[in-house]
1. Using amide H atoms built in the peptide plane, which far-off residues or other-chain residues are under 5 Å from His94 H to H?
2. Suppose every Lys and Arg Cβ carries +1 and every Asp and Glu Cβ carries -1, with no other charges. What dipole size does the chain come out with about its Cα centre, to the nearest 20 debye?
3. If you plug each phi of region 39-54 into the Karplus form 6.51 cos²θ - 1.76 cosθ + 1.60 with θ = phi - 60°, what whole-Hz ³J(HN,Hα) values come out, in order, with x for Gly and Pro?
4. Output ³J(HN,Hα) for region 59-75: one whole-Hz value per residue in order, computed from phi by the Karplus curve 6.51 cos²θ - 1.76 cosθ + 1.60 with θ = phi - 60°, and x for Gly and Pro.
5. For the chain, what is the calculated [θ] at 222 nm in deg cm²/dmol (nearest 500), taking -39500 (n - 2.57) for each run of four or more DSSP H residues and dividing by its residue count?
6. Would you tally the net charge around Leu53, using a Cβ to Cβ cut-off of less than 10 Å, leaving Leu53 out, and scoring K and R as +1, D and E as -1?
7. Highest GNM mean-square fluctuation, the chain, Cα pairs closer than 10 Å: which of Glu49, Glu106, Glu37?
8. Just to check I understand the Karplus step: with θ = phi - 60° and J = 6.51 cos²θ - 1.76 cosθ + 1.60, what whole-Hz values come out for region 86-92, glycine and proline as x?
Amino acid sequence: MTYIAYSMKQAVIKRAGNCCEYCLITKDDTLFSFHIEHIIPLRHTGKTELENLCLSCPRCNLLKATDIASIDPQTKLLAPFFNPRKQKWVDHFHPDGPIIKPLTPEGRVLVNVLQLNSDKRLSQRTLMIKLGQYPCKIPESE
Ligand SMILES: [Zn+2]
């Protein structure tokens, strides 16, 4: 586990507006604390700096692990993951009720590897929609 300064963690959480920057659930609604995620992991030369960090729910972070790309299920070509520091969520995904529809290769590989539309996640987001808590709004994505 990499040491990340408290002030840097707070900056990441504030910038994300308490949202998981991959699946858009809010930090306030989960029983588990969110993770500060290295978008490009240290093993792939990523650095512990604001431009390489994002806020992630535990499920997204654990499924992404140290991956940075995958095979696009549609084109069968290698595609990098959506990068929340370099790309806008709405350019790569479209929320359709609880379903996160990918719009690009970067979106498709992320939806696939992070299992963003698994039954468990859809049930959770369906409930959150009923409570008016989904999707979470990331301040800088507007
Ligand atoms: Zn998530």
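1. Lys101, Leu103
2. Values: 19 positive and 14 negative charges, 32 e Å.
The calculation lands at about 160 debye.
3. Ordered by residue, 3J(HN,Hα) equals 4, 9, x, 4, 5, 10, 6, x, 10, 8, 9, 3, 6, 10, 10, 9 Hz.
4. Working through the residues one at a time gives 5, 4, 5, 5, 6, 6, 6, 9, 6, 10, 7, 7, 8, 5, x, 8, 8 Hz.
5. Values: 5 runs with 43 residues, N = 142.
Rounded to the nearest 500, it is -8500 deg cm²/dmol.
6. Details: positive: Lys9, Arg15, Lys47, Arg85; negative: Glu21, Glu37, Glu49, Glu51.
Taking every other residue near Leu53 into account, the sum is 0.
7. Glu49
8. Each residue of region 86-92 in turn: 10, 9, 9, 3, 5, 7, 10 Hz.
Every read-out reported here was derived from the displayed coordinates using simple, explicitly stated rules and does not represent laboratory data. Just so you know, these numbers come straight off a predicted model, no measurement behind them. So basically every Cβ, Gly included, is an ideal-geometry build from the backbone, and we count neighbours across all protein chains shown.
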